[in-house]
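Shown next, in structure tokens, is the structure this report addresses.
The values are calculated or read from the model by the stated rules, or taken from the named source; none is laboratory data. Everything quoted here is computed from the prediction, not taken from an experiment. Because the Cβ atoms are built from the backbone with ideal geometry, glycine has one as well, and the counts that use them run over all protein chains shown.
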Amino acid sequence: MLLIPAIDLRGGRCVRLREGSFGDATTYVVEPTEVALSYAGAGARWIHIVDLDAAEGRGEDNLRVIEKIRASVGCRLEVGGGVRSEEQAARLLRLGVDRIVLGTILARTPLLVRDWVSRHGARFAGGVDARNRRVRISGWTEEGGISDSKLAAQLGSIGIRWLIYTNIARDGTLAGPDIESTSSVARAACLPTVLSGGIGTEDDVLRVGESADSLVVGTILGKALYEGRIDLASLIRRLPQDRPTAWDEQA
């Protein structure tokens, strides 16, 4: 089970939203680069970064923070949040980001993403964020007009090779993961999938590994790390990260 610690950025600082609401955010008095270094030091192979300002479509440009993180750690970075133009994607790739997570644009203009893949290669993961199994877009504020499984089933045809699935109702709640929905969406996509949202304890992570579909290869860890409910280094000793998964494969 791949463990991917998360850094959500808002105004250059680490925050966590609850159920995707910008009005219900907790800000942590920690420097994002120091957090990234702690994750790398604990043995993480990937770090998941979300630019919440870009997702919301306003606020501070967090590219400098992402660039600083990239310069500070050797592990691989995946970045999402508000990437809705090819130039935004290209800027992140130039910074040395290994993978870009796309959400809104997949629901709105999927064929455009296919063009990006043809020009930049398989560097994109699909971020399917849903509430009640319906996709939410534009910073989780709008209905995407499609079910999570239907959108997931389209990803492979446009060149997307990996999927991150978030049940928004679980995100930032520490209430436990939605293994059933994640497994269903993974099967619809037939892609390596990472579960996001609801992880609150080490036992939650173990349940994902034991109960989820075999396509679910990892979990994203967020608030539970900040709140001290999970010790990343200890969990990695329990679940060694030295064996590559389908998430690590490149085109």
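General observations
- Looking across the stretch 82-92, just one residue is surrounded by fewer than 19 Cβ atoms within 10 Å (Cβ to Cβ) and hydrophobic (A, V, I, L, M, F, W, C), and that is Ala90.
- Number of residues in the stretch 24-43 that are touching a strand residue (DSSP E or B) at 6+ places or on another chain (Cβ under 9 Å), farther than 16 Å from Gly197 by Cβ and not β-branched (Val, Ile, Thr) equals 9.
- Of the strands (runs of 3 or more DSSP E) contained entirely in the stretch 1-71, those carrying at least 1 residues that are among the aliphatic types (A, V, I, L, M) and modelled with pLDDT of 90 or more fall at 2-10, 46-51.
- Verdict on Gly176 being surrounded by fewer than 24 Cβ atoms within 10 Å (Cβ to Cβ), on the phi > 0 side of the Ramachandran plot, part of a loop (DSSP other than H, G, I, E, B) and not polar (S, T, N, Q): yes
- Whichever residue in the stretch 217-251 is of a type in the set (S, T, N, Q) and assigned to a loop (DSSP other than H, G, I, E, B) and, among such residues, is surrounded by the most Cβ atoms within 10 Å (Cβ to Cβ): Gln241
- Residues within the stretch 93-140 that are polar (S, T, N, Q), surrounded by 15 or more Cβ atoms within 10 Å (Cβ to Cβ) and either on the phi > 0 side of the Ramachandran plot or modelled with pLDDT of 95 or more (or both), tallied: 1
- Where a residue in the stretch 11-38 is more than 18 Å from Lys68 (Cα to Cα) and its partner, wherever it lies, is of a type in the set (Asp, Glu) and in a loop (DSSP other than H, G, I, E, B), with Cβ under 8 Å and at least six apart: Leu17/Asp171; Arg18/Asp171; Glu19/Asp171; Gly20/Asp171
- Residue that is surrounded by the fewest Cβ atoms within 10 Å (Cβ to Cβ) [pool: residues in the stretch 182-216 that are closer than 19 Å to Gly156 by Cβ and of a type in the set (Gly, Ala, Ser)]: Ser214
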